[in-house]
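One structure is given here, and the rest of the page talks about it.
Here, each number is a calculation from the coordinates, and none is a lab measurement. The structure presented is a predicted model; accordingly, all values stated were derived computationally and were not measured. Neighbour counts are summed over all protein chains in view; Cβ atoms, including those assigned to glycine, are modelled from backbone coordinates with ideal geometry.
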């Protein structure tokens, strides 16, 4: 699924973003303030006007837990993927109520339950703040000073903007520091569940079919945003297309791709291949095995661990595909050739050679530093060694007390004043916590810590306090008071004194770990990230100079516009069609004896004769998307909704570092399939009316 | 399950075996020629007579695929665990015939299908050859010469014995070189399947319940050995007890524990904790995830991968428990204190200090060497990088050609003349091979190779030949001719010329890898294993001198006698009973909504009212067992069969390096539960008659 890959796992990876050369293909994750009109005009005779762009931009939604979505009615109705909404449904559920298995349909507004900690963002304004950031960071500064200055100006700009506009304000480093834009978002925090199908059809085919095509997934769900306890009135929403997506049609995807590494240097990619991806995969696999065993013990365990497990399996399959690409000598060779060409051009031109020529070596040095601290950083600052929500709460409380007494400009980014409200929303989440699940996760991760740093390591010995990982984890979880939201609020209100006075063992653990964790963070911020910012900015300028402008930056989980055409592809000797049908879902189930994860839900069998089996269900297109794009609308030239992205095929996983449209495809649910299922299987007439009329009737 | 942990995974681990001090507990995996009569007499007033021992010894069977079993009738009937027989059933199966899922019952002898490559061994004679081995290896030799001399005399002794007796003859290094015994086995290679229940009841509770108690598993199956196409006439077989196991009763277990590390030095154990176990677990988890994904794609995939997957999950859970123990500071502290006491005694006594005092440092050096080559060795000589049966065939063919032209004394151990027959039985196995499964396994392991040695490593580049792991694996499997038994035979008959002429890509791969693999093997044989042999022999002698005799050696997958009593144990606040019942199985299923892996088979529901629900099903006892003991008979003082070992609880996993009877328990199927199920559920009256009468009627 094209949800964002779990960010925590990449805590120590360095995410360079950098200019790319536009290819004469359907390539690009374009900025809304730099739309690809040149290519669109020449290739498709289309121009995205200012109004068109504004409408699409403000119809698009970022799900802060890692996905995308869109407004589909004037009454605050939001569509996204089921697997993006899963996090909310999981947290709403209890041992007696399993939204994921049974699905959900609110019969009226009073029945729409409120998500416990979901925040949606809509991008309202973009402001270029490059000059202001660059003025604060001077070439004379060493990297430590530069990092501090950059952080200070960023925190300050965000706070000023928040005070002035009341909008969530994020400074985004595009082209990895080639440009800084201030993004202002309207924020929705009262988000309620409206409709979700059963996960058996939303995630039909499960892990085996994930990232595959043909597919038959109804991977959708609906939320509604509220303001002042009333459905929000929405100006920009997407109209539902009468006809839906057609073969060969030009389409657009407006969403939030999470991360790409397209113009990482070869040395940088090799580090992903040789260290980051293998390490992360080992961690993912151990968590997958752990949670599968836990889940198999009972249906209730399965319910508790579902979202965690899905996220892990999804990331594992995605990263495995990415690693497979990097282990393909032909791909690295192509990357090396491209890099060689650019470096040759730079070294031939004195005007480029002096300012930019050393950038690749700078990146190499930073990557080496990153590799040296990678394991320790992941375990301690990335908190891989403390895989429990409770540790996350404890650390946030400890750092909140430490950071908020500092001036805003000096704070760690995530504790700056501009972001405090969103941070507290997560910290004071009422999401349920299950002691047994937290205990096995923590025990396993403490064991990972012992493996990583060694049993005789001083911090390890202090953390275990003479106990085994299993006993220590049990004691930490059992004694932890932070399961109670009020206890968290009380400690947070107590500030530094509250932390110092706390006898909570998890708080004490977080305090114990913090000096080492912060030390590693400082190395990474100053010697890895800051160095890469500067070096990649040089490479970016060199590319501009050599290849000209008209480029898009690597993905940053901010809004982008992609385009492409709807078309099938060749796999081996087989030509795969542009679309699948509702009828095909039944056949796919039968081909697998209707056994999980290929078992259609009961509702689909009950209404089998009611639906038109030739209705399109899923379809593929060439748009340039990646994890984070899950839930993005697929729209036609008239900005009508013709589908919703939910996945890419296996061949698309290399899009992390190289675009290709030979076989790589984005996969979407077809708008007609959605309507047909809502009408005939779920009898959700009120919802259908709201979709087709663009407003509740 | 107490099957032997997959031996290949430990290819690079160094398995020291060493004397232990007998504790005043039910401890010990005793040699049949050194029975624990002193303890038995003082603690239980029992003496194992020569006749009793001979009878039990010759009733016991080694399954060469990693388990134990026993004769239960004069007509060659053999009982073992279902999970020991799984390998045979898997290989007999096809897409139309799934012995594991449906179970199997031969109605008559003509219906007993012959296993494709199963060899059973019965220990007939033990001869002390210590003096002969020691005479061949002199103190003046360096470790390279010593290793060669030891290998030469071992190969020679085995060949002489085979020629003289016609029995399979293995020289076994006990007390890791403190003693060498020649074990002579009667070998059965015509082994046929008689009866097996459905795997849903044999492995009821699946991976979640594995290594847990209470349990409700009918983990049994029956084979029959044939000679000259007739059921073999068996003199020594175990009589079925009328009453079965009783609470508090003294019992014995006669089987083949695979490996223990009880008296490894602390440095050696730390190496298991810090390197071997974490590394092996990562490999196991990646294979588990791979095979689960493959299995979920279809029922047929699940059937093909079942045995592989079970073995992997079983090993993963066992090693996880072993690692958890080593990560417990209290266990390592106890080990360190014991070691300190022995070393102090040695250094105080000049007669011990000089010959033995340097042994611990010798071990430490060998462990360091082992750690240095560990990864490369595992990948290349351990063949973790080539996880396909086809590579195993290719390597065996290549080495067979290289080794068999050498004099017997100089050959690698596994190609010595004494063992050639068993080797060829494996090499020419008719077990089915599935291209798709072999391809994904090979692709994943080639990817592991790239991760381990690096993409730029010379041998890696040669192995991949410019391709990606996935494409290379597909080409290797597709082009490989060795799937056909006759092709293997033809190449083997061609000797060196056959190998040189072969265009088979897998043969060429094996040839390519062989120089590096052999180089690593040589380092391990000479600088790790030989050094440890010598060092641990010193430590053994020191222990004899300090603590006296009456010791048992670490496990070596040879026949051992354990003893103990039947009793429950305390877990947390709960007192777990000594036995479970057939009726309890239904309740356990209901507690899990009858969902897999807790779904009882149909047959059990059909005959629910026929059985007596209070019949004992599984029971626990304190006998000292470990992986490899699966299928071992549990017998009473009169050598009657009262149960069959199939597992140990989680608390027993530390038995690898420390015996405890507080909570550690062996788990067995009760003889009465077996009879009741055979009679009432399976209506296997002929089989029941043979069991109760000790012969076919």
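For the reader, a short list of remarks on this structure follows.
- Inter-copy spacing of residue B:406 label points, which lie 7 Å from Cα along Cα→Cβ, given in nm from shortest upward: 6.4
- Ascending list, in nanometres, of distances separating the residue B:544 label from those of the other copies (7 Å, Cα toward Cβ): 8.2
- Computed over region A:26-65, the P(r) curve from all C-alpha pair distances, binned at 10 Å from the origin, holds 26, 51, 19, 4 percent per bin.
- With each label modelled as a point 7 angstrom along the Cα→C-beta vector, the residue A:299-residue B:128 pair spans 6.5 nm.
- The distance separating the Cα centre of region B:417-440 from that of region A:535-594 comes to 44 Å.
- Residue order, fewest to most beta carbons within 10 Å, for B:209, A:219, A:662: A:662, B:209, A:219
- Remark: label point of residue A:430 defined 7 Å out from Cα along the Cα-Cβ vector; separations to the same position in other copies 6.8 nm, ascending.
- Inter-probe distance in nm under a simple model that places probes 7 Å from Cα toward Cβ, at residue A:493 and residue B:111: 7.6 nm
- Packing-based order for A:592-601, B:26-35, using average beta carbon neighbours within 10 Å, highest first: B:26-35, A:592-601
- Gyration tensor over the Cα atoms of region A:60-130: the corresponding equivalent ellipsoid has semi-axes (square roots of 5 times the eigenvalues, largest first) of 27, 15, 10 Å.
- The mean number of partner chain beta-carbon atoms within 10 angstrom of a residue's beta-carbon across peptide A:282-292 is 5.
- For A:313-319, mean number of other protein chain Cβ atoms within 10 Å: 1
- Shape of region A:220-356, Cα gyration tensor, a/c cut at 1.5: oblate
- Averaged over peptide B:444-454, the number of partner chain Cβ atoms lying within 10 Å of each residue's Cβ comes to 3.
- Considered as an equivalent ellipsoid built on the Cα gyration tensor, region B:590-638 has semi-axes of 29, 17, 10 Å, the largest given first.
- Take B:107-119, B:191-203 and order them by the average number of nearby Cβ atoms within 10 Å per residue, most first; the result is B:191-203, B:107-119.
- The shape of chain A comes out rounded: with a ≥ b ≥ c from the C-alpha gyration tensor, a/c is under 1.5.
- The ranking of B:421, A:526 from fewest to most other beta carbons within 10 Å of each one's beta carbon is B:421, A:526.
- Packing-based ranking, highest mean first, of A:329-335, B:368-374 given that Cβ atoms within 10 Å are counted: B:368-374, A:329-335
- Once the C-beta distance of residue A:607 and residue A:637 is scaled by a Förster radius of 35 Å, the resulting FRET efficiency is 0.55 to the nearest 0.05.
- Three-way shape call for region A:65-214 based on the alpha-carbon gyration tensor, with the a/c threshold at 1.5: prolate
- Calculated log₁₀ intensity ratio I(q)/I(0) where the Debye formula runs over C-alpha points of the protein assembly as shown, q = 0.07, 0.08 Å⁻¹: -0.81, -1.05
- Order of A:573, B:404, A:156, A:80 under a 10 Å beta carbon neighbour criterion, fewest first: A:573, B:404, A:156, A:80
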